[in-house]
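The structure under discussion appears below in the form of structure tokens.
The values are calculated or read from the model by the stated rules, or taken from the named source; none is laboratory data. Small disclaimer: the values here were computed from a predicted structure and weren't measured. Backbone-built Cβ (ideal geometry, glycine too); neighbour counts: all protein chains shown.
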Amino acid sequence: MNRRPLIAGNWKMYLSVAESVRLAQAVAATSATCPDLDVMVAPAFTSLAKVCEAVGNTSLKVAAQNVAWAKEGAFTGEIAPPMLTDLGVRLAIVGHSERRQIFGESDAMINRRLLGALAGGLQPVFCVGETLEEREADRTFSVLEHQVRQGLQGVTKEEMPQVVLAYEPVWAIGTGKTATKEQAQEAHAFLRRLLAETYEKNIAEDVRILYGGSVKPDNIDSLMAQPDIDGALVGGAALKAESFERIIRFQ
Ligand code: 13P
């Protein structure tokens, strides 16, 4: 098993350009001392250019929080893959639950974004996760299966090594209510089995699956100790250099 851990910060709709640059520089300094893992930050679109400029020659990877599928066109409010790669952006989050729930993004739209990212040379960080109602109705696995199958439609096995999957139970996001390490591991193992069924076992073994949802300095170690958890997608705790540093330095 050669999955390189990935610790990712999703800054959501927070931080000015100057604050983003300062935080990215601090995170890049931490990342430079951790050669055995990847570190990523996803600033707001308005900060991407300056952040890429500031950390462009470091190991820190910069991601966008979403991406359009077309190279260009009449898509008011959207950002195309070449606009991002032009800045030095390497990855793009797609299918975040806030995009699904607040902005009504469908599985089909998320699939188009994911394919657009791959075609445009961006690594998609593809988010899936069930709501509390779905979990309580015992539908977690069927929801995850549906989201994964729809979201990955048309993605070839050759492209799969570029894809990062993120399991983010909606009820754990921003609530301080993390999934237990057992709940997270169970979902991750399910997702990996699903990838093995859809592609091949060795491809599934190499795909990184991140956990997201109230990841904090005090729960990162036990989450990362789970065999199928390969990293974290961190919201609130990624907005402060000290707490994100402790997460990057998980034990
Ligand atoms: P929190 O870490 O704030 O719960 O957010 C998780 C998340 O949505 C990351 O994408």
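Which residue out of V27, V39 is out of contact with any Ser or Thr (no Cβ under 7 Å at 6 or more places or on another chain) and among the β-branched types (V, I, T)?
On the way: V39 fails: out of contact with any Ser or Thr (no Cβ under 7 Å at 6 or more places or on another chain).
Only one candidate passes the filter, namely V27.
Residue-by-condition table, conditions (1) closer than 17 Å to I93 by Cβ; (2) in a strand (DSSP E or B); (3) within 15 Å of the ligand (Cβ to nearest atom):
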position: V155; (1), (2), (3): yes, no, no
position: Q185; (1), (2), (3): no, no, no
position: H188; (1), (2), (3): no, no, no
position: E197; (1), (2), (3): no, no, no
position: L223; (1), (2), (3): no, no, yes
position: A232; (1), (2), (3): yes, yes, yes
Exercise. Among the residues of segment 160-171, is any within 24 Å of A92 (Cβ to Cβ), among the acidic types (D, E) and within 16 Å of the ligand (Cβ to nearest atom)?
Worked result: yes
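Given the criteria on the phi < 0 side of the Ramachandran plot, surrounded by fewer than 20 Cβ atoms within 10 Å (Cβ to Cβ) and at pLDDT 95 or above, does E136 qualify? Break it down stepwise before answering.
Working: on the phi < 0 side of the Ramachandran plot: yes; surrounded by fewer than 20 Cβ atoms within 10 Å (Cβ to Cβ): yes; at pLDDT 95 or above: no.
Taking the combined requirement at face value, the residue does not satisfy it.
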Problem set entry | Conditions (1) surrounded by fewer than 19 Cβ atoms within 10 Å (Cβ to Cβ); (2) modelled with pLDDT under 95: number failed by I173 | (1)
For this session: Considering only segment 96-116, state which residues are within 16 Å of the ligand (Cβ to nearest atom), out of contact with any Gly (no Cβ under 8 Å at 6 or more places or on another chain) and in a helix (DSSP H, G or I).
Result: E98, R99, R100, Q101
Exercise. For the subset of segment 199-221 comprising residues that are touching a residue at least 12 places away in the same chain (Cβ under 8 Å) and among the charged types (D, E, K, R), which member is nearest to the ligand (Cβ to nearest atom)?
Worked result: K216
Problem set entry | Any hit, segment 131-140, residues being touching a Gly at 6+ places or on another chain (Cβ under 7 Å), within 16 Å of the ligand (Cβ to nearest atom) and outside any loop (DSSP other than H, G, I, E, B) | no
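Tally time: how many residues in segment 241-251 are in a loop (DSSP other than H, G, I, E, B) and either free of Cβ contacts under 8 Å to residues at least 60 places away in the same chain or within 15 Å of the chain's Cα centre (by Cα) (or both)? Break it down into steps so the answer makes sense when it comes.
Of segment 241-251, the ones in a loop (DSSP other than H, G, I, E, B) are 249-251.
Subset that is either free of Cβ contacts under 8 Å to residues at least 60 places away in the same chain or within 15 Å of the chain's Cα centre (by Cα) (or both): 251.
Residues flagged as in a loop (DSSP other than H, G, I, E, B) and either free of Cβ contacts under 8 Å to residues at least 60 places away in the same chain or within 15 Å of the chain's Cα centre (by Cα) (or both) within segment 241-251 amount to 1.
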